[in-house]
Structures are given as structure tokens and as C-alpha cells.
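Okay, structure first, notes after.
The values are calculated or read from the model by the stated rules, or taken from the named source; none is laboratory data. The shown structure was predicted, so the numbers you read here are calculated from the model rather than taken from an experiment. So basically every Cβ, Gly included, is an ideal-geometry build from the backbone, and we count neighbours across all protein chains shown. Just the protein is used for accessible areas: all its heavy atoms, side chains included, with ligands, DNA and RNA removed. Shrake-Rupley method; radii C 1.70, N 1.55, O 1.52, S 1.80 Å.
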Amino acid sequence: MEVDQQGAPATEPTPAEALAADLDRMRAALRVLPAAEHSHALRRLAEVAARLLQSDSGQVSILTSEQVAAATGGLARDYAGTTVALTEAFCTITTVTSAPVVIPDASADDRVRHLSLVRSGQIGSYLGVPLTLTAGPTIGALCVYGTQPHQWTAPDVALLTHLGSTVVAELELAALTQEYDASRLNWELAVDAAGIGSFDWDLRTDRVDWDARLAALHGFDPSTEVPTSAEALRHVHADDRARLDAHIADALATGNDLRTEYRVVWPDGSTHWLALRGRRLQDAGGTPARLIGSAYDMTEVRTAKDEASDILATMTTGFLSLGRDWRVTYVNAAGELLLERTSAELLGRSMWEAFPGLDEIEFGRQYRRAVATNLPVEFEAYYPHNGRWYEVRAVPGPAGLALYFLDISERRGAQERAEVSAARLELLSTVSAELSGTLVVDALTDRLAKVVVPALGDWCVVTLAEATGPRDVASWHHDPGQRPLVERYAALRLAAMKQHSLLFRGTRPEEAEVLPYRLQAEANEVMVAGEARDLLAELGAASAALLPLRSRERTVGQLTIYRHADRPAMTDADVAVATEVASRAAVALDNAMMYADQRGRAEALQRSLLTDPPHVDGLEIVGRYVAAAETASVGGDWFDAFRQPGGATVLVIGDVVGHDTEAAAAMGQLRGLLRGIAWQSGGGPAAVLSRLDAAIEGLQLPTTATAVVAQLDAIPTSRGTMTLRWSNAGHPPPMAIHPDGGTLVLNGPEADLLLGVAPDTARSMHEIDLVPGATVLMYTDGLIERRGPGLDEGLARLERLLAELATLPLATLCDVLLQRLVPDRPDDDVAIVAVRLEPRHAQAGASARTEGFAAAD
């Protein structure tokens, strides 16, 4: 144990004390803070962090002597600029540890439970990542937080860490831009303080108004009036007057800025060099009306070369001068450092020789433009020979060309990193949006293939790891003309792979593997000779990245991304983004696979509870069941048909309220109860439903359902007809179909209540005589209900279709009915049961077929 000088145990500094003692961090934070507080990009990133992590608030915190909320989003968007003491700030912990801080429940975390924001209930959960400048200290944190406890996941931490790198790039770019602007402002202020005089020349009256400084620069007493331009310029050196007049005339004729130098001879005989700058102004008719401008004394620049050299030598800005023949006449120390050349290597040499290739890039074009126009130019350009970015100001003059330049590579790098981070963030957002819209495995793999091309590669193949082995399920190429080749390759490549191939290994490792610029050679080793290997060569893939699709500790497949030779192999940064894409895709695919498995189990449970209809002499009975597309909609519908001890045939159609495996289980209970009651009691439909209602209450079954129970007599009447009795508990009405195509909706005077609502309700029963050849259809609501159209429209459509299909065999009628009314992926499951009286029971001949439906005797 450490002790202090008095012998007492030394105490560890608190996080706030550690931050307060960190002067380097505070200096860096104070440098970044002013730009951070005015950054729209940081506010957007705080908003994106809160939205993507489904949290109440997001915040970029910069820690100086206190925590400053530099940018906020979500519910805290109005709290930008607010401060919190370091001892009360969550981000103090994140900044000191320089690692992600995960707090699912703040009230139970000893690190923060004592803080006022926790005690007041303002923060219940917190996730923060440190903001560490490139080659610098940790200056703050990017965090999300909410008022309620929240379980943060590893993907949440990874996503916030990625956003944190984007925040750091934006902070560095904003700070560098601010420093650069401040340097330029200081430069301009220095020029303003250098003694510049101004003038206003009225071209219509030839009157020149100038200030006292400019009058003095031209050798006049400041109080002297100069009525004309000729008088103002009478002290100009005789050798320079013609050139000055020509430059003025050109500016007035063309509108180009006036930029020239000339000598004036003062009354005391001394000669002074002046630099003149001016601009033409026109009247409403477009006629030149005024020339305004300024001039300053540049005598010292012209005559005191030694002094100028000292000034240039100490400048932090690079300076290089060129003669009229483009030969280097001077370079200062900063220029040597920035250009990575010594003065001995440059002086006396042609610029085009000293810097090969300069004439073919932006530098050479701009220098020639400056000389040709005799006007300064400013530009930013990249010099490939040393990989640096420069900002250059080229100023032409009588002696040649003066170049002022700054190395802006750091600023450009920060800007490019911010742009790349933004592009990667946009890609991840696109992936999340695309993969969250479906739970169908085939649709997911197709979307995944299309979203990674061309963002991450030129083409790709998606593979699923199935029980029988890997299977290529999707592919995509950025060139539509190449897509058939990729599809053919994906169809053949697995069969052409040897067992030791990277593809088969690729579905097992946890990390991505990149094969740069030797893909074809690798393919020759792991693929048998044939069409697949030839197609890979034809597609021109030069490199590939193999990315396992891993979720919940299992590999669900592999994403293989290919690049052509004109695109570099993936960098570490590219692989990091691709791995994040693969991780999100794997979770989506894993969810879809589990969803499909759950749906299969629910459907299997449902079908296991349905039995084939009985064989009854004189009757044909057909049942059908179609599962819903969505797992959540499977489970409640059923049909049943059986005979009672007295010989009567009972038909049942039912629908339990709810759609899941619990509904399927409840349906199984109701079906068994109804069967037992009908068999034991031998009663009619109304009595059976009443006793089933009582059983639901007595057995405390927490369910409600609709149902129709119908009963056909064991023996036909003397006319060959059979009596159908039915009772309806809130279910869609059955349909009767006459052999000649006529239909009848079997509605009662009133609809009875659902089962499980009021067990003592009275149940009504209805009867109708069916002629030989007649059909009765019972169905669940999934057959006629659709999003949009109402129930009446669905019933009307069913009637029309039944009339059209009346003459078909009963099994065919049921199949065609489902084909016409139920889409490929129905929203709800559908059950139907149909019974038809066989025509051989007709004893009344043709007359019985035209009687229609009639009330029973």
C-alpha cells in the first residue's frame, strides 16, 4: 500500500480529479470545443446515435474543467451548450477509462448511483464511447442514454464505437478548418496594416478622389487636390507610364481586375515602387463609369532584398520565386520543408525539370494561367509524387512568378475521413433498412446481394449453411450484362469446389479472409477444371473477401465479395465495414430462419389436430386447410366431420380468436370437447354448442371462438332429400349450392354470440332440405376477408364463384376455390369443409333437381 509523506494511506484520485490534472487533454478539448459547438454534422450524428440505438437522447460531450454538451439529439436536442460538473458527469468515467462504458441500470451501478441525474430519475441507462483524437488524448465521449433501464448489446457497443470514430473525424476537421481560417484572417489583417491608400476615379468627369495616404505615396502633399488623372499620375516614372496606361486601358475595356506595379519619382528625387490594384464599375447602361482601387508602397520589396529574404526565410508559409524563364530563383526554409527539397537542389533549375510531371496536373495548368493572364490564382491540388495536398497562391510580377503555399494534407485527410465515415454510416443505415423489411430468407439474401454491390465490391455471391451442406442462394453484379454469368457461376461453383477449398472453410471461421490479387491462382488450386473455373476467369475477379455470416454463436452462411483488377483489394477499414454488414445480415437471416422454423412447427401442430373426413354412404365430404404466410397468423382455424352413434353426420367449422401456437392448442381443446359432447349426447347442433359453451366456462378455458355445427340425418326422406340442421356461433354463414348452380347463404334471423362469451345464452337451430347433388360449404373468414373489401363484398364474390364451379367434382371445386380466392401468401389461415349428397339417392328423378332449397318437413 502506498503512503503519503505523513504515513497515511494514499487515496486514488477520483475520475474528476484525474481529468482536472490532465493538462494536455484540457488543451486539446479547448482547441476543439469552439468548432464543435457550431457543427451541424455533430448535431446530426448525436441525433443518428439516439435513433439507431433506440434511446431517448444522444450527446457529444467535450470535457474541459467541466462537461460541455457540444451537440445533442433526441429528447435532449435543446440542451446543447449546457454544462455539468465533472464530478456529476457520466462521460467523466468514459473519458478517464478511454473505453466503452455500459450501464444498463444506473440506479444499481455503484459507479453512478450516487449522481444527481440518477437520483432525480433523469438517467436510468447509459452507453458511452470515448472520443480520442488521432495521436492525441481522449477529450470526451459520445453517449446515448434514457430514463429507463436498458440492456445494451455487443452490436450496440460496436455501432456506437463506429459512430464515435465519425464524431472524432468531424471534430478534427472542424478544428483544423477553424485554425486555418484564423491564420488567413491574421494574414489579411497584416496586409491591411501595411499602409494601403485608396482612390475613386470618376471616368465621366476624370476627377480622382484619393485619400491622404495614396496622395503621399504618389509624392503629393496630402492636402493637394488633383483635378484630373493626368495630374494624379504626373510623378509616375517616364519609363513606366506607357505600361501603366496600357494596363489601365485593358482593365477598363475588359472588366478584368487591374493589377500592376510602377515607379513614382517624388519631388525630393527619391524613387518608390507602388503596387496598384483596381476594379471597373459600370453605370446602368453598361458604360464604364468609375475605377476604384488601392495602392501600397512595395519599394522595400524591390530594393531591400536582404531584408526581404530574412522575412521570407522566417515565414511559416512556403515561398518559392520563379524567373520569367521558369527557373527557381529563391526558396525559403518552410518551402524546403514542405517540398522536401533543399535550395541547392532547386536554385537555378527549371521548375518543370525540378518537379517532373508538373505540367500535366493542376499545378502546371494554374501557373501557366497566372502568367498568361498576369493575374494571381489560388487553388488546392494533390501532388502525387509525395502524396501531399497543397494550397497555393501564385502571384505574377515583372520578375516572374511568386508562389506561396501551405501543406493542407492534414485538413484534407480529416475531411476525407469524415466523408468516408459518412459514406460507411450511410451504407450501414441502408443495410439495416433493407434487411428489416422482410422475414423471408430468399428475399433477405437477394436484398443483401444487391446492397453490397457496388458499395463494397463489383459482384458477390451469398451462401447459406444448411444441414445438407452449403448452398449458393443469391448473386449480383453491378453490370447488368454480367449478371447471367454470375448466376451461372453461382449455380456451378459449389459442385466444382474441392473439399479443402476456402469456401468450405469460410463458413466456419469467425473473421473475414481477404484474397488479394491471386484469386485465379487460388481458384485453380481449390476448383476442378471446368465451366465454373472458366466463368470465374471470364468475370475477371482479381480479389475477394470471404465474410462469414455469424449470429448467436452459429454460422448461417457466407458472403463472398469480388473486386476487379481496377479496384484495390479491401483495406482493413473496408473489411471492418463489410464485417459489420455481414454481422447485421447474419442476425436478420438467423431471425428469418428461426421464424420459418417456428412457422413450420405451428403449421405442423395445426395440421396434426385435423383428421380426414369419415366415409359416409351417400355423402361425399372434403376438408382443406391452408396455413397463413406469417407465423403469427397460424393456429386458430379448424374443420371436422364425424358420425354420431345414431348415424347422423356432423360437420364443424371453427376459428379460435388469436393467431399463434397458443391458439392452435386452444383449438385442439375445443375440437376435442365438441367431438366428445356431440358423440356422447347425440344432440343437435344448438344443444352441442350450448354444452360446449358451458364446458368452456366450467373448465376455465381462457378462449373465445366462432363455430358452425351442422348435422345431416342418417337416412334420406322418401323424396331422396336430406335435412340439414345447423347452429351458428358468430361465424361466417355456410353456403348451399343447388346442382343447377343456384346458391343460398345459410343465414339465421339473428347471429348468435361467439363461444366463450355468455355460456347461458340460448342457441338457435335452423333447418333446410337438400336435394340430391346439392352441396354445402362451410369455411373460415380467411376465405372471404381481405384488406380493403368488406365482408359483404367477400360473400358476394364467393356466391358468384360457387355458382360458376357448381358442376365440378367436390374435391376439384374446393381446390379451385382456394386457388381463386386465397393468394400465394395469405394473411390468415383458411379452413373449409364441404359435403355433397350423391345423386344416386335421388328417388324423385329430374323433378327433385328443380325443387330448389325448401324448409324441412
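Of the residues 770, 795, the one with the largest accessible area comes first in the ranking 795, 770, computed with a 1.4 Å probe on protein heavy atoms.
FRET efficiency for the residue 751 to residue 714 pair, using the beta carbon distance and R₀ = 51 Å, is estimated at 0.95. Summary of packing: across the peptides 33-39, 757-763, 446-452, the per-residue average of other C-beta atoms within 10 Å ranks them, highest first, as 446-452, 33-39, 757-763. Loop-located GluC sites (Glu not before Pro) in segment 336-426 (DSSP state not H, G, I, E or B) with no more than 16 neighbouring Cβ atoms inside 10 Å: 340.
Of 436, 543, the order by accessible heavy-atom surface (1.4 Å probe, DNA, RNA and ligands excluded), from most exposed downward, is 436, 543.
Heavy-atom accessible area for residue 653, with the other protein chains in place and a 1.4 Å probe, reaches approximately 0 Å². Other residues within the sphere of radius under 15 Å centred on the Cβ of residue 104, judged by their own Cβ, net out at -3 (K and R +1, D and E -1). Between helix 810-821 and the chain there is an angle of about 20 degrees, using the helix long axis and the longest principal axis of the Cα atoms. Solvent-accessible area of residue 147, all protein chains in place: 70 Å² (probe radius 1.4 Å, heavy atoms, ligands and nucleic acids excluded). Net charge near residue 117, counting Lys/Arg +1 and Asp/Glu -1 over other residues with Cβ under 15 Å of its Cβ? Charge balance near residue 117 sits at -2. Below 11 angstrom from the Cβ of residue 358, what's the summed charge of the other residues (Lys, Arg +1; Asp, Glu -1)? My count for the surroundings of residue 358 gives -2. Beyond 26 Å, the tail of the calculated P(r) for segment 68-183 holds 19 percent of the Cα pairs.
Projected label points at residue 353 and residue 491, each 7 Å from Cα along the beta carbon direction, are separated by 6.6 nanometres. The mean of 1/r over all distinct Cα pairs in segment 658-776, once inverted, gives the Kirkwood hydrodynamic radius of 15.4 Å. Here are labelled values, (1) 61.4; (2) 54.7; (3) 64.2, and one is the computed mean projected area of the Cα convex hull in nm² for what I pasted. Which one? Matching the structure shown: (3).
At a probe radius of 1.4 angstrom, the accessible area of segment 1-121 per residue rounds to 53 square angstrom. With respect to the chain, whose longest principal axis is taken over its alpha-carbon atoms, helix 40-52 is tilted by about 20°.
With a Förster radius of 56 Å applied to the C-beta separation of residue 329 and residue 553, the computed FRET efficiency comes to 0.20.
Roughly how much of residue 382 is accessible, in Å² to the nearest 10, using a 1.4 Å probe? Approximately 100 Å² for this residue. Surface listing: 679, 476 arranged by accessible area from highest to lowest gives 679, 476, probe 1.4 Å. Amide H contacts of residue 74 (H built 1.01 Å from N, in plane; Pro and chain starts excluded): 58 sit under 5 Å, all sequence-distant by 5 or more or on other chains. Extension gain for residue 225-residue 679 works out to 150.7 nm (0.36 nm per residue, less the C-alpha to C-alpha distance). If you take the Cα centroid of segment 69-147 and the Cα centroid of segment 246-299, the two points sit 61 Å apart. Helical content alone sets the calculated 222 nm signal of the chain at -12000 deg cm²/dmol, taking -39,500 (n - 2.57) per DSSP H segment of four or more residues and averaging over every residue. Net length available on complete extension from residue 534 to residue 161 is 130.0 nm, with 0.36 nm assigned per residue and the Cα-Cα distance removed. Would you mind checking the tilt of helix 685-698 against the longest principal axis of the Cα atoms of the chain, expressed as 0 to 90 degrees and rounded to 10? Result, in degrees: 60.
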